[in-house]
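The values are calculated or read from the model by the stated rules, or taken from the named source; none is laboratory data. As the structure is a computational prediction, the values presented were derived from the model and not from experiment. Note that we place each Cβ from the backbone using ideal geometry, even for glycine, and neighbour counts take in every protein chain shown. Keep in mind that these areas ignore ligands, DNA and RNA; they rest on the heavy atoms of the full protein, side chains included. Shrake-Rupley method; radii C 1.70, N 1.55, O 1.52, S 1.80 Å.
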Amino acid sequence: MNFDLTSEQQMIKHMIKQFVDEEVAPGALERDRTKQFPVEIFKKLSSLGMMGLPFPEKYGGGGADTISFAIVVEELSRGCGSTGITYSAHISLGGAPIHLFGTEEQKRNYLIPICKGESLGAFGLTEPNAGSDAGGTRTSAKEENGEFIINGNKCFITNASYAHHLALTAVTGEKNGQKEISAIIVPTNAEGFTIMDNYEKMGLNASNTTELVLENVKVSVDNLLGKRGEGFRQFLITLDGGRIGIGAMAVGIAQGAYEKALAYAKERKQFGKSISSFQAIQFKLADMAMKIELARNMVYKAAWLKDQGRLFSKEAAMCKLYASEMCMEVTDQAVQIHGGYGYMKEYQVERMMRDAKLLEIGEGTSEVQRMVISRLIGC
Ligand SMILES: Cc1cc2nc3c(=O)[nH]c(=O)nc-3n(C[C@H](O)[C@H](O)[C@H](O)COP(=O)(O)OP(=O)(O)OC[C@H]3O[C@@H](n4cnc5c(N)ncnc54)[C@H](O)[C@@H]3O)c2cc1C
């Protein structure tokens, strides 16, 4: 066993950490306030070669492993949760399904622009009536004369306003009395395709969360991703990888909140002493440090298993569940350590606490993770 990062992973960590400290964290407060999408940051991430990090070099990717991806998500999220979710969704929901299930031609047409950062990656699964129960998908794709005619609505879709194309799930027919769900790649400029960015969110304000409306959108049957009827299986596999991303985001946001709380505790004086000299505060910080370390190890283990080509669904669900609940707790405690100042936006920990909440909801709620884990442990 070896808990050390490889030299390549260390190099990526060092580079992205410096980038986050200099270019991402300083504007996070303002972007949260103005809801301004971090366009410039993503241009810079493209020039740093980060946008296709875990994908093969022949598609313009970096050929790096999942642990490196987790490190980048963690560091970005430490400085700005909105930047972290944008990047995580770009890779794990946008690029990954095309890489895993796309034909060679689809990879050339759709994965290369993702790796170059010309298009952000997005994935349309959730619908107004199909959230945890994604099998409840109602969006339909009817095949006619070599085309799919797609009608339906998707909600809460990350990055779609900045994507040139995205894979979405739709009902393509019925098989043995069951809906046949397939994934189809749809160009976002297709006629009849409307993307709305109108949500008023609790947090992750600088990230792009959209509603999709598809009215008689026509795409070639060649845009089918993988095999017909495999959409359900594909998104389960896609979400397994995505959960490593959410786990990494949780570790990053928690780390950011912990660092702020530790620094503040050393600075803040009450009763003639710095509050970090009070055991009540020390124990909070000790618990925070311990839980972050545990969650990070869980995320890296799930990523490592994935990189070994081993089964990792259970570990991905466990790391997502533990890390997201840990992040909620740690950000809450970071606000507590800041006292009244923690309630003020300027001190940033309140933003981190708001951003953290999504992690218990997106890519399978905590309840759904417990259902997944229960199934995988043989209940
Ligand atoms: C900011 C943001 C970004 C998102 N990005 C994307 C994206 O890029 N692509 C995408 O497709 N989706 C995205 N989502 C959607 C997200 O994945 C869903 O919101 C999530 O899966 C939950 O679905 P729901 O909101 O319909 O809640 P529901 O499924 O209606 O759940 C409501 C509550 O009921 C519980 N519940 C449901 N079923 C059960 C059960 N069987 N047993 C016990 N409890 C249950 C849930 O755990 C939850 O507590 C995003 C959401 C947000 C808020």
Pairwise label distance in nanometres, residue 129 with residue 4, each label 7 Å out on the Cα-Cβ vector
5.8
Separation in nanometres of the label points that stand 7 Å from Cα toward Cβ, at residue 116 and residue 14
3.1
Could you calculate the contour length gain from residue 151 to residue 200, that is, 0.36 nm times the residue separation minus the distance between their Cα atoms, to one decimal place in nm?
15.1 nm
Work out how much length residue 344 to residue 283 would gain on full extension: take 0.36 nm times their residue separation and subtract the Cα-Cα distance, in nm to one decimal.
19.6 nm
Counting only DSSP beta bridges with both residues in segment 123-229, what percent are antiparallel, rounded to the nearest 5?
90
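For the chain, what proportion of DSSP beta bridges, expressed in % and rounded to the nearest 5, is antiparallel?
90
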Percent relative contact order for segment 169-208, counting Cα pairs under 8 Å at least six residues apart, stands at 25
Within the accessible area of segment 106-263 (1.4 Å probe), percent carbon and sulfur:
44
Which whole-percent values make up P(r) of segment 183-274 when all C-alpha to C-alpha distances are grouped in 5 Å steps starting at zero?
2, 10, 10, 12, 15, 14, 10, 7, 5, 4, 4, 3, 2, 1, 0
Relative contact order [Cα under 8 Å, 6+ residues apart], the chain, whole percent:
17
Segment 277-379, dipole about Cα centre (Lys/Arg Cβ +1, Asp/Glu Cβ -1), debye to the nearest 20:
320
In degrees between 0 and 90, to the nearest 10, how far off the longest principal axis of the chain does helix 66-79 point, with axes built from Cα atoms?
60
Label-point separation, residue 379 to residue 308 (7 Å along Cα→Cβ), nm:
2.6
Roughly how many Å is it from the Cα centre of segment 1-37 to that of segment 141-210, as a whole number?
30
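Could you work out the helix-only [θ] at 222 nm for the chain, with each DSSP H run of four or more residues adding -39,500 (n - 2.57) and the total divided by the number of residues, to the nearest 500 deg cm²/dmol?
That calculation yields -15000 deg cm²/dmol at 222 nm.
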Accessible area of the chain divided out per residue, in Å², using a probe of 1.4 angstrom
46
Quick one: angle between helix 279-307 and the longest Cα principal axis of the chain, in degrees between 0 and 90, rounded to 10, please.
30
Which order do the peptides 213-224, 116-127 take when ranked by the mean count of other beta-carbon atoms within 10 Å per residue, highest first?
116-127, 213-224
Computed over segment 123-229: relative contact order in percent, which uses C-alpha pairs under 8 Å that are six or more apart
31
Per-residue accessible area for residue 44 at 1.4 Å probe radius, Å² rounded to 10?
80
Based on the alpha-carbon gyration tensor of the chain and its eigenvalue square roots a ≥ b ≥ c, which shape applies: rounded if a/c is under 1.5, prolate if not and a/b is larger than b/c, or oblate?
prolate
Provide, for segment 123-229, the number of lysine pairs with alpha carbons under 22 Å apart, each pair being eight or more places apart or on different chains.
13
Stretch gain in nm, segment residue 271-residue 105, where the contour uses 0.36 nm per residue and the Cα spacing is subtracted:
53.0 nm
If packing is taken as the average number of other Cβ atoms within 10 Å across a peptide's residues, how do 227-235, 35-43 rank, most packed first?
227-235, 35-43
Once the Cα atoms of helix 366-376 and of the chain are each reduced to a long axis, what angle between those two axes, in degrees from 0 to 90 to the nearest 10, is obtained?
70
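Taking the Cα centre of the chain as origin, sum charge times position over the Cβ atoms of Lys and Arg (+1) and Asp and Glu (-1), and report the length of that vector in debye to the nearest 20.
Result for the chain is approximately 720 debye, rounded to the nearest 20.
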